[in-house]
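The values are calculated or read from the model by the stated rules, or taken from the named source; none is laboratory data. Since we're looking at a predicted model, the values are computed, not measured. Virtual Cβ from ideal backbone geometry, glycine too; neighbours counted across all protein chains shown.
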């Protein structure tokens, strides 16, 4: 619970006050106060190097962001942590028949509500893919709802090639950006699957994927893109202003403690942030 976005404590007896663990310094993002967070929620050193204490946390890259500039990297980290939390609240049991039917977006609503996404969808369709987009923003009455648009995309190979189906998810300041990024992530997942670039993900059950793909064709979507929240503000043109907007929304949703760690970058000219948000959840959907 205390690590929230930074990982789940899987062995509580190895993480109690009597256990000697490594800690690292972070700063509160709403005022700069220096705080200490468990190093296992931030770092994952190679075996045989630095000891952080008994392994008690299921480490995750969630809440990480990188960019040539610091503030956009921090914004990236905050949006990713928010995406995984909000997705966990919207689809707490994973993809269900009810969730698919209720959240699938009407294709014809994209042209006006998300034109960039519509253009990308059309390009993918021309290459033989079926595209399904979803509003996976938690409902207004959901506890912990932040109010940022959260999108999901499912990309289906109509020719049933080596990778039948992949999904992508994203959270952003405006709905078009969230939908476009979710669709790009679905395409990215397909490419990494084909190239075997993910050793941490088991191969998908092809029959289950085929069944899900067939079920999607039978859904008559009712939700319009315009139903998704959109918090884009012309005044928040800079990354710093957007970070402040996200922090304000998180505070309003009950996430009052948001800490960040500026990590050492592997190459010059790159900024990397890791955020730790107590109380957040981490969706296991891929």
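Are any residues in the range 10-47 more than 18 Å from residue 77 (Cβ to Cβ), in contact with a strand residue (DSSP E or B) (Cβ under 6 Å, 6 or more places away or on another chain) and not in a loop (DSSP other than H, G, I, E, B), and if so, which ones?
23, 34, 36
Considering only the range 243-280, state which residues are out of contact with any strand residue (DSSP E or B) (no Cβ under 9 Å at 6 or more places or on another chain), surrounded by fewer than 19 Cβ atoms within 10 Å (Cβ to Cβ) and assigned to a loop (DSSP other than H, G, I, E, B).
Within the range 243-280, 254, 256, 267, 268, 269, 279 meet the criteria.
Let me spell it out: the conditions are (1) at positive phi; (2) part of a strand (DSSP E or B), and residue 154 meets all of them except one. Which number is the exception?
Residue 154 satisfies every listed condition except (1).
Working carefully through the options 110, 184, find the one that is crowded, with 20+ Cβ neighbours inside 10 Å and in the same structural domain as residue 212 (by TED's automatic domain parsing). Working first, answer last.
Working: 184 fails: crowded, with 20+ Cβ neighbours inside 10 Å.
From the options 110, 184, the qualifying one is 110.
Output the residue which, of all residues in the range 48-83 that are under 15 Å from residue 276 (Cβ atoms) and part of a strand (DSSP E or B), is modelled with the lowest pLDDT.
59
In this structure, is residue 120 touching a helix residue (DSSP H, G or I) at 6+ places or on another chain (Cβ under 9 Å), modelled with pLDDT of 95 or more, assigned by TED's automatic domain parsing to the domain that holds residue 223 and buried (at least 22 other Cβ atoms within 10 Å of the Cβ)?
On the way: touching a helix residue (DSSP H, G or I) at 6+ places or on another chain (Cβ under 9 Å): yes; modelled with pLDDT of 95 or more: yes; assigned by TED's automatic domain parsing to the domain that holds residue 223: yes; buried (at least 22 other Cβ atoms within 10 Å of the Cβ): no.
Considered against the rule, which asks whether it is touching a helix residue (DSSP H, G or I) at 6+ places or on another chain (Cβ under 9 Å), modelled with pLDDT of 95 or more, assigned by TED's automatic domain parsing to the domain that holds residue 223 and buried (at least 22 other Cβ atoms within 10 Å of the Cβ), residue 120 comes out as no.
I'd like the residue in the range 77-98 that is surrounded by fewer than 20 Cβ atoms within 10 Å (Cβ to Cβ) and in contact (Cβ under 8 Å) with a residue 12 or more places away in the chain and, out of all such residues, is nearest to residue 243 (Cα to Cα). Step through it out loud before you land on a result.
We begin by selecting, within the range 77-98, every residue surrounded by fewer than 20 Cβ atoms within 10 Å (Cβ to Cβ); these are 88, 92-98.
Those still in the list that are in contact (Cβ under 8 Å) with a residue 12 or more places away in the chain too: 88, 94-95, 97.
Working: 88: 22, 94: 29, 95: 30, 97: 35 Å.
Once the filter is applied, the top-ranked residue is 88.
Failed condition for residue 251, given (1) closer than 22 Å to residue 143 by Cα; (2) under 17 Å from the mean Cα position of the chain (by Cα), with all others met?
Going through (1) closer than 22 Å to residue 143 by Cα; (2) under 17 Å from the mean Cα position of the chain (by Cα) one by one, residue 251 breaks only (2).
Please verify whether residue 51 is within 23 Å of the chain's Cα centre (by Cα) and on the phi < 0 side of the Ramachandran plot, treating the condition exactly as stated. Talk me through it step by step, then tell me what you get.
On the way: within 23 Å of the chain's Cα centre (by Cα): no; on the phi < 0 side of the Ramachandran plot: yes.
Considered against the rule, which asks whether it is within 23 Å of the chain's Cα centre (by Cα) and on the phi < 0 side of the Ramachandran plot, residue 51 comes out as no.
Among the candidates 12, 45, 17, single out the residue that is within 30 Å of residue 138 (Cβ to Cβ) and more than 22 Å from the chain's Cα centre (by Cα).
Details: 45 fails: within 30 Å of residue 138 (Cβ to Cβ); 17 fails: within 30 Å of residue 138 (Cβ to Cβ).
Of 12, 45, 17, the one residue that is within 30 Å of residue 138 (Cβ to Cβ) and more than 22 Å from the chain's Cα centre (by Cα) is 12.
Go through the residues of the range 192-207 one by one and say whether even a single one is under 20 Å from the mean Cα position of the chain (by Cα), part of a helix (DSSP H, G or I) and modelled with pLDDT of 95 or more.
No: zero hits.
Please specify each residue of the range 115-128 satisfying the condition of being in contact (Cβ under 8 Å) with a residue 60 or more places away in the chain and farther than 11 Å from residue 181 by Cβ.
Within the range 115-128, the first condition is being in contact (Cβ under 8 Å) with a residue 60 or more places away in the chain, and the residues that meet it are 115-117, 120-121, 124.
Across the range 115-128, the qualifying residues are 115, 121, 124.
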